[in-house]
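One structure is given here, and the rest of the page talks about it.
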Amino acid sequence: MALYRTVQLSGCARMCVSVARPYSTVARSPSTPLPLRSKLLFFLSQHFYDVEQLLSWSSWLRNWTLRRKNTFYSYTQEQYGNNVAAAFYILSLKGGFRFSGQSEWFRPNEKGKFSWDFVNFQEHPIEEVDVSGTVINCTGLDNLVSQKNLRTLSLRGCREVDDWFLSRLHIFQESLEELNLSGCPRISVGGLCALHHLRKLRKLDLSSLPRVQNPGLVRILLEEVLPHCHITGVEYDEGLQAFQEEKDSEALSSTGTGA
Amino acid sequence: VRFDDNRVEVTKEIHAVRAMPGSDWQPLEITPGLPPERADVVIVGGGVVGWSVAYWLKRKERIRDGVRVLVVEKDPTYSQASTVLSVGGIRQQFSLPENIHLSLASAEFLRSINEHLGVLNEDPVDLQFNHSGYLFIASEKGAGIMEENYRTQRYAGAKVTLLSPAQVKEKFPWLNTEGVALASYGLENEGWFDPWSLLNALRRKAISMGVYQCFGEVTGFRYSTHSMPTDDSHQMSFKRIRYVNVRMPNSLEYQPVECAIVVNAAGAHSGKVADLAGIGSGPKDTLAAVPVPVEPRKRYVYVLHCPDGPGLDTPFLIDYSGVYCRREGLGGNYIAGLSPEEEEEPDTRDLEVDYNFFQDRIWPLLAHRVPAFECTKVASAWAGYYDYNTFDQNCILGLHPLVNNMYFATGFSGHGLQQSPAAGRALAELILDGGFRTLDLSALGFERIFHQEPVLERSIV
């Protein structure tokens, strides 16, 4: 396949009105250092239209797969009822769950195979769900809307769980008692402030949330709003340490320049 | 001397490279920042609505570079633009179904904003969306209307719930429920976000798709007029805009941009832009004499600091007196405001803030509703313009009947930011597909203005 070179105009990039239209004129090097493969792809996409188009197709494909995995399981719901549809959805995501009244968990094995026994439990709502590390997202919650008895939800390390997902959790406000949000890279304060609907919440795990800037303050504010909830994974003085170090370094530098 | 010869050769080489095909080097200096000489669609106004239209036009074009779009913005610093001075809330609690659908579709867009506006190898868009919901409070008088609105909203798909005063007191103990008969609380897709991030994301993506941006002021249109007789032999004259005169900042130089379609998304100044096209200057008692009823209205926004104020669960509170208040950040800061009555509308010549307005009008009402705000301090304040539709305070989306190629996306009266993605899509569908495809917003066109049938929205803030 012929690779078409983009014309690189360094100074006139902004003014390219009639010239080889710059797709990525707004390009600048990304803020965080990338691994070698990404750096190579980035360099190639800056210079060749084909590579850029391939990369945009691959990101479109990734979004399409996500949408497909989180689609609404309407056929299963019609045939077997809400509970089995929710169960099937969780198993397809490679998560685990436990029916209420049962004690064993249903999970797929390492190869992704799971037993189809869950089809027999049409009358049992789901009580505990563990979808850690899966690609569950906000639209996928449509499958779990009917599970009004949900008590435990574990979302450890789910990379697609974001603030919009948390804003939808109010559907479980009467029943949810344990929520584990550790390691979700997309959650920020905007979503955590929507958790005040969950009145029955008793345990909340907020460890390692990279986008929450002052976790200690957020913990205090959440404890104010959810008085019966025990929040783990974050200490009160997290987020304060940086300020203390700044003050120390300021003090050092001022003594340095003053003297 | 040899050194000089070498230097001269090197400079010549640079010139030669610059003059090769594909280069924009010209022997005569041209002013930087001039818009192109012709464009298919010229969008007047570079706010969130203008860039949303530009983005959707590029997204819907069937072939690459099928539509050449130019966005003309008067002020590169956006110092007086309504978008960036907006409080940034989005809600679905309207009484008109079209407004609810516009808002819902925009929330849907914002939810998957990185799919729509993600540019390759750029940082993902971070809107800082706070999902805190809106809480509307109604007195005895307004309870009936609130219940009707609730039914309309649920039917349209908004996730809203009604709360009794006891439930309000239980959920929000810091609220004084005296005089409260009913409250309406949005559970999903409601809250507030950073308008500047949305504007920049739309702009970045649109520019990466090939939209031209020009900083200049539209000072006039060159149009051709043709008349046609009506059934009862009245002569109606129709205009078609041929050139848009874009004047460069701090200069008298202007560039006439030849265009096929003009979109008026100029926000508070849409009325002036429409006047430039001659709308509203016809003989009295004819259609040509009806101006576009959009004018700027100044609104004050105050930032309050109250250390004992409501906590993380503060919704965007809107009282039946019109006072609104929301949390800002985590440090005990709040944003409050009130739309003044018709009689006490402030002067729109500048954006100076009147602090007495807070002391006299807002603070008593706010302190009555939220007792914690009795000891609050005004940390700062700003003012911004609403592109106020004086006719019925709802947006005007559509083609003007008398100017054959001028589309309007204006008159949002304070809801421009929250309705911009869906309104942009609707206008792009009108332009490229000839009619609305996803949302039927024909009730928000110009016909209602000419027939003098206002489509009223009952819950304006």
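The values are calculated or read from the model by the stated rules, or taken from the named source; none is laboratory data. Source: prediction; values computed, not measured. No Cβ is skipped: glycine too gets one built from the backbone with ideal geometry, and neighbour counts run over all protein chains shown. To get the accessible areas, we keep the full protein, side chains included, count just its heavy atoms, and leave off ligands, DNA and RNA. Shrake-Rupley method; radii C 1.70, N 1.55, O 1.52, S 1.80 Å.
None of B:Leu330, B:Leu317 is over 30 Å from B:Pro291 (Cα atoms), open to solvent by less than 20 Å² (accessible area, probe 1.4 Å) and at pLDDT 90 or above except B:Leu317. Among the residues here, B:Gly220 qualifies as touching a residue at least 12 places away in the same chain (Cβ under 8 Å), within 30 Å of B:Glu37 (Cβ to Cβ), more than 10 Å from every other protein chain (Cβ to nearest Cβ) and surrounded by fewer than 19 Cβ atoms within 10 Å (Cβ to Cβ). Cβ-Cβ contacts under 6 Å between residues 6 or more apart (or on different chains), taken from a first residue in region B:368-389 that is more than 25 Å from B:Pro293 (Cα to Cα) to a second residue that is of a type in the set (Gly, Ala, Ser), are listed as B:Ala372/B:Gly309; B:Phe373/B:Ala367; B:Glu374/B:Ala367. Filter region B:60-83 for residues that are open to solvent by less than 40 Å² (accessible area, probe 1.4 Å) and of a type in the set (D, E, K, R); which is nearest to B:Glu217 (Cα to Cα)? Ranking the candidates gives B:Glu73 first. Take A:Leu181 and tell me if it is out of contact with any helix residue (DSSP H, G or I) (no Cβ under 7 Å at 6 or more places or on another chain), crowded, with 22+ Cβ neighbours inside 10 Å and either within 21 Å of A:Ser74 (Cα to Cα) or away from every other protein chain (no Cβ under 14 Å) (or both). Taking the combined requirement at face value, the residue satisfies it.
Listed here are the residues, each with its yes/no results for (1) more than 14 Å from chain A (Cβ to nearest Cβ); (2) touching an Asp or Glu at 6+ places or on another chain (Cβ under 7 Å); (3) open to solvent by 10 Å² or more (accessible area, probe 1.4 Å).
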position: B:Leu120; (1), (2), (3): no, yes, yes
position: B:Asp126; (1), (2), (3): no, no, yes
position: B:Gly142; (1), (2), (3): yes, no, yes
position: B:Glu147; (1), (2), (3): yes, no, yes
position: B:Arg151; (1), (2), (3): yes, no, yes
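Scanning region B:108-115 turns up no residue that is crowded, with 24+ Cβ neighbours inside 10 Å, under 18 Å from the mean Cα position of the chain (by Cα), under 18 Å from B:Pro421 (Cα atoms) and touching a residue at least 40 places away in the same chain (Cβ under 8 Å). Within region B:203-216, residues that are more than 9 Å from chain A (Cβ to nearest Cβ) have Cβ atoms under 7 Å from residues that are of a type in the set (Asp, Glu) in these pairs: B:Phe215/B:Glu73, counting only partners at least 6 apart in sequence or on another chain. The set of residues in region A:140-159 being within 14 Å of chain B (Cβ to nearest Cβ) and either aromatic (Phe, Trp, Tyr) or open to solvent by 20 Å² or more (accessible area, probe 1.4 Å) (or both) consists of A:Asp142, A:Val145, A:Arg159. Identify, from the list B:Arg64, B:Arg38, the residue that is touching a strand residue (DSSP E or B) at 6+ places or on another chain (Cβ under 8 Å) and within 14 Å of chain A (Cβ to nearest Cβ). The match here is B:Arg38.
Of all the numbered requirements in (1) closer than 18 Å to B:Val71 by Cα; (2) within 14 Å of another protein chain (Cβ to nearest Cβ); (3) open to solvent by 40 Å² or more (accessible area, probe 1.4 Å), B:Trp196 misses one, and that requirement is (2). Of all the listed residues (B:Phe391, B:Phe408, B:Phe358, B:Phe412), the sole one being surrounded by fewer than 22 Cβ atoms within 10 Å (Cβ to Cβ) and within 21 Å of the chain's Cα centre (by Cα) is B:Phe391.
For region B:281-307, the candidate set comprises residues that are at pLDDT below 90 and among the charged types (D, E, K, R); within that set, the residue that is most open to solvent (accessible area, probe 1.4 Å) is B:Lys284. Contact map, region B:308-319: residues that are closer than 22 Å to B:Leu338 by Cβ and more than 10 Å from chain A (Cβ to nearest Cβ) paired with residues that are among the acidic types (Asp, Glu) and crowded, with 23+ Cβ neighbours inside 10 Å, Cβ distance under 8 Å, separation 6+ or inter-chain. Pairs shown: B:Phe316/B:Glu190. Filter region B:116-155 for residues that are among the basic types (Lys, Arg) and over 30 Å from A:Arg67 (Cα atoms); which is farthest from the chain's Cα centre (by Cα)? If we take residues in region B:116-155 being among the basic types (Lys, Arg) and over 30 Å from A:Arg67 (Cα atoms), then B:Lys141 is farthest from the chain's Cα centre (by Cα).
Does B:Ile100 satisfy the condition of being touching a helix residue (DSSP H, G or I) at 6+ places or on another chain (Cβ under 9 Å), under 19 Å from B:Leu439 (Cβ atoms), within 14 Å of chain A (Cβ to nearest Cβ) and not polar (S, T, N, Q)? Against the criterion (touching a helix residue (DSSP H, G or I) at 6+ places or on another chain (Cβ under 9 Å), under 19 Å from B:Leu439 (Cβ atoms), within 14 Å of chain A (Cβ to nearest Cβ) and not polar (S, T, N, Q)), B:Ile100 does not qualify. For region A:43-57, a residue qualifies if it is among the hydroxyl-bearing types (Ser, Thr, Tyr) and facing chain B (nearest Cβ under 10 Å), and the qualifying residues are A:Ser45, A:Ser56.
Could you please let me know if B:Lys169 is assigned to a helix (DSSP H, G or I), within 14 Å of chain A (Cβ to nearest Cβ), charged (D, E, K, R) and open to solvent by 10 Å² or more (accessible area, probe 1.4 Å)? For B:Lys169, the condition - assigned to a helix (DSSP H, G or I), within 14 Å of chain A (Cβ to nearest Cβ), charged (D, E, K, R) and open to solvent by 10 Å² or more (accessible area, probe 1.4 Å) - is not met. Any residue that is farther than 15 Å from B:Leu102 by Cα, assigned to a helix (DSSP H, G or I), out of contact with any strand residue (DSSP E or B) (no Cβ under 7 Å at 6 or more places or on another chain) and not aliphatic (A, V, I, L, M) - is there at least one of those in region B:399-418? Scanning region B:399-418 turns up no residue that is farther than 15 Å from B:Leu102 by Cα, assigned to a helix (DSSP H, G or I), out of contact with any strand residue (DSSP E or B) (no Cβ under 7 Å at 6 or more places or on another chain) and not aliphatic (A, V, I, L, M).
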